[in-house]
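All remarks here apply to the structure that follows.
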Amino acid sequence: MKADFSELTPDKVLDVVESAMGQRCSGVIRPLPSYINRVYMVELDSGEYAVAKFYRPGRWRREAILDEHAFVRACADDEIPVIAPLPLAGGGTLGDADGIAFALFPRRGGRPIEPADPGDVLWGRLGALLARIHRVGERALAPARLTMHPLTATTADLDYLLDNGFLDARETSRMESFGGALLDAVVPLFDGVETIRLHGDCQHTNVLERPDTGIFLIDFDDMMNGPPVQDLWMLLPGRMAESRAEWAQLLEGYETFRAFDRRSLRLIEPLRAMRMTYYLAWCARQSHDASFLQNHPDWGTRGFWAKELSELETQLDVIRINDDALVG
């Protein structure tokens, strides 16, 4: 029988944590927000807390999760502020709870960042943090993880959307046309581009701040291989033309620790289109989940696809614009 979260009761979670930590729990357990996985904060008898993360079955292969752990652990070893998985009593960092992979982490609270204006020193600090993480990321690739390239990631996302009956005939034709035109436009831009391990979902919601450690990245669940600019553009409040001051501060901080290839700026809008496509495919993979449908009742309707396809086609038009100021 395929493992699922239905058997993951509080008592089961406590038993798993006690066995993995080699310590008794007090019995206090609190679920933490997470749509994809199941995450719980558990109090130990010592008064300390551990965070238990149970990975959604079928989403990642064990090797892919270990790639995540290895990357975060390597960052921690370089004294970069991240939350690395704890060693388990049985060895390693990844356990198994009746077919559900899990890991334990120290509790580490923080305040969500709120970049205020282009002159905010936070932009430079963000750039410096990403550069330090990318210096670790460039040492090796993550073989079991997605590589953010149009011929691999985006082709797979388009195939999934087109081959599984999510769109009607007219919508399918539009999606096929968009996909072909997107690949024709962006594939040549990736020739010779540097590919390293990345956070992969580097939005400001995944950056916290603490008085003792400063800013730090959380949630490496979507880590991937790809061009370094992928982690930078997602932090910007708008398109490049609207965010030049923020970009200048971000890049100044980044280049304090690592060189940046400015030619990769031309990848920002293609990467935005690829992420839009990725997100649609990601949602499609969740669309049979009852909680997903409850939270997204309009997903998959004709109105939904009309809006999404229009936005994809508009993004394709943006990519086709030869903005010399962007890449110069």
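The values are calculated or read from the model by the stated rules, or taken from the named source; none is laboratory data. Since the model is a prediction, treat every value here as computed from it, not as a measurement. FYI the Cβ positions are ideal-geometry reconstructions off the backbone, even for glycines, and counts take in every protein chain you see.
Please give the number of the condition residue 128 fails out of (1) crowded, with 21+ Cβ neighbours inside 10 Å; (2) modelled with pLDDT of 95 or more; (3) within 14 Å of residue 207 (Cα to Cα).
Every listed condition holds for residue 128 apart from (1).
Does residue 130 fit the bill of being in a helix (DSSP H, G or I) and within 26 Å of residue 259 (Cα to Cα)?
Yes; evaluated as a whole, the condition is true for this residue.
Would it be correct to say that residue 272 is more than 18 Å from the chain's Cα centre (by Cα) and either at pLDDT 95 or above or part of a helix (DSSP H, G or I) (or both)?
no
Suppose the filter is modelled with pLDDT of 95 or more and closer than 17 Å to residue 210 by Cβ; does residue 101 pass it?
no
Given the criterion among the aromatic types (Phe, Trp, Tyr), assigned by TED's automatic domain parsing to the domain that holds residue 203 and part of a loop (DSSP other than H, G, I, E, B), identify the matching residue among 260, 292.
One residue alone meets the criteria, 260.
With 122, 198, 158, 162 as the choices, which residue is surrounded by 15 or more Cβ atoms within 10 Å (Cβ to Cβ) and under 22 Å from residue 63 (Cα atoms)?
198
Scanning the range 132-153 for residues that are of a type in the set (A, V, I, L, M, F, W, C) and surrounded by fewer than 22 Cβ atoms within 10 Å (Cβ to Cβ), which turns out nearest to the chain's Cα centre (by Cα)?
Step by step, filter the range 132-153, then rank; the result is 146.
List pairs: first residue in the range 31-53 and over 15 Å from residue 83 (Cβ atoms), second residue among the polar types (S, T, N, Q) and part of a strand (DSSP E or B) anywhere in the structure, Cβ distance under 7 angstrom, at least six positions apart or on different chains.
Note: pairs meeting the criteria are 43/26; 44/26; 45/26.
Looking at (1) in contact (Cβ under 8 Å) with a residue 40 or more places away in the chain; (2) at positive phi; (3) among the charged types (D, E, K, R), find the lone condition where residue 231 falls short.
With respect to (1) in contact (Cβ under 8 Å) with a residue 40 or more places away in the chain; (2) at positive phi; (3) among the charged types (D, E, K, R), residue 231 is out only on (2).
Mind listing whichever residues of the range 4-54 are under 27 Å from the mean Cα position of the chain (by Cα), surrounded by fewer than 17 Cβ atoms within 10 Å (Cβ to Cβ) and small (Gly, Ala, Ser)?
The answer is 6, 34.
Among the residues of the range 70-100, count how many are farther than 20 Å from residue 9 by Cα and surrounded by fewer than 18 Cβ atoms within 10 Å (Cβ to Cβ).
Summing the residues that are farther than 20 Å from residue 9 by Cα and surrounded by fewer than 18 Cβ atoms within 10 Å (Cβ to Cβ) in the range 70-100 gives 13.
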